[in-house]
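Reviewing the structure listed below.
Quick note: the coordinates plus some simple rules give every number you see, no bench work behind them. Owing to the predicted nature of the structure, the values given are computational and were not obtained by experimental measurement. Neighbour counts are summed over all protein chains in view; Cβ atoms, including those assigned to glycine, are modelled from backbone coordinates with ideal geometry.
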Amino acid sequence: MEKKITLDLSKSQISEDSILKFQSRAKDIHKKLHSGEEAYTGWVDYGVDLSEELISKIEKTAQDIRKECTAFVILGIGGSYLGARACIDMLGNTFHNQIKSETPKIYYAGHNMSSAYYLELLKVLEGEDVTVCVISKSGTTIETSVAFAIFKEFLRDKYKDSFADRIIAITDIEKGVLRPEAEKNGYRTFEVPDSVGGRYSVITPVGLLPIAVAGIDIRQIIGGNRHAYKMYENADLKDNDAYRYGVARYLLNTELGKDIECYEFYETKLKNLTEWMKQLFGESEGKCGQGLFPVTVEMTTELHSMGQYLQEGQQIFAETVLNIENTGAHISIPQELGYDSSWTMEKLNSIIAEGVIQAHRQENMTPTIQINIKDLTAHTFGFMIYFFEKACAMCCYLRDIDPFDQPGVEKYKANVRQIIKKG
């Protein structure tokens, strides 16, 4: 099978022997992940088991939404929206909302508490036909529930008694407050699988419906996910790059003493993919005083700021460079700058990336992992999501922490509820 992702550890300062000494543990972790007995591991084979009935329902609903609205608003926070946004930004036109298209404009809400953001967004939506998709397992996440209340009021004012026809709810099949409200009012609904946590839910209706509304072929994404499942269904650390990356991240911290992992990308379409990666690794691994602190660095934009720090600042970090082998976008550099006709921005971008890696290694021997991604296609996106999910689970289990809970998040929520209760 063709690899959609290749892992290059040659500049990581991590030896092959260091990786392979974890073979026995990797085998045990692999067995644990695939046992079906661990909570919130439903994502492991969810894509493989996705039924034709559900895929068709998602496609049909997305088609209806594209016909009925000119603006589609996704309400969710963290794992409830970042995966879809990563895909839409990676595969869609960067300026989609500014051009004429058969697909609606895409907007995001429910992920912050900025009054200015909501006032400006609602103003933009005044002249649009609007459909809202609220994504929340419980329906009680404060940022999303406040946004949903605001948008219900907006939709009632705009569409009167038919406002419910403009709402899709993706929520738990039976628990929480959103499911009974949806059934009472007749919202269109999809299920958040009980066995899948938010940050692992991209290849479920949580991610697939918004992605389909944006006009992206979800069958290709599911196909990529299934491809990765087959590629990584063995526990061999000589061959399984997802597990190798998970082990390498663990060793960056425990063997090389690094505390920060910088996700660096030279293709702007990967910006929200790295935001999803921050969500995935930060929320999964950051527990019990452990974990690499994930940050994103956009190159070449930040070469004159973060690039300076990476070159000469405290060496408490490792760098993980995401490299797209074929962006599918080629623009020649005008020859007036001294380049011949063979030079493209893509070629120069790759050379800059290599120059930066060399500079950081020459100056500080900065551990650098390169993740080479084949192309910017739906199939590769689905493959990539599974790669990072498996790598994350491996790294967390090596630390003997649960990759699928988020006790710190629950604590802040409890504190907020208590403060509100006290007035």
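Listing for the model above:
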quantity	calculated
Computed label-point distance, nm, for sites Ala116 and Glu68 using a 7 Å Cα→Cβ extension	3.5
Proportion of all alpha-carbon pairs of the chain beyond 33 Å (%)	36
Global geometry of segment 376-423, whether rounded, prolate or oblate, following the gyration tensor of its Cα atoms and the 1.5 cut on a/c	oblate
Hz values of 3J(HN,Hα) by residue in segment 384-395 - Karplus curve (6.51, -1.76, 1.60), Gly and Pro given as x	5, 4, 5, 3, 6, 5, 5, 4, 5, 4, 4, 4
FRET efficiency, Asn185 to Gln290 (Cβ-Cβ, R0 35 Å, nearest 0.05)	0.20
Whole-Å distance, taken between Cα centres, linking segment 199-218 and segment 292-359	30
Extension gain from Gln23 to Lys238, taking 0.36 nm per residue of separation minus the Cα-Cα distance	76.5 nm
Acute angle (nearest 10 degrees) that the helix 218-231 long axis makes with the longest principal axis of the chain, alpha-carbon atoms	40
Approximate spin-label separation Glu312-Lys100, in nm, with each point projected 7 Å along Cα-to-Cβ	5.3
Span from the segment 1-25 Cα centroid across to the segment 238-285 one, whole angstrom	13
Links that overshoot a 29 Å alpha carbon limit, given the list Lys230/Lys269; Lys238/Lys258; Lys238/Lys269	Lys238/Lys269
Given Lys271/Lys421; Lys100/Lys152; Lys100/Lys137; Lys160/Lys271; Lys158/Lys411; Lys3/Lys271, the pairs whose alpha carbons are separated by over 31 Å	Lys271/Lys421; Lys100/Lys137; Lys160/Lys271; Lys158/Lys411
Helix 82-91 axis, angle to the chain major axis (alpha carbon atoms, nearest 10°)	70
For segment 43-216: rounded, prolate or oblate by the Cα gyration tensor [a/c cutoff 1.5]	rounded
Computed over the chain: relative contact order in percent, which uses C-alpha pairs under 8 Å that are six or more apart	23
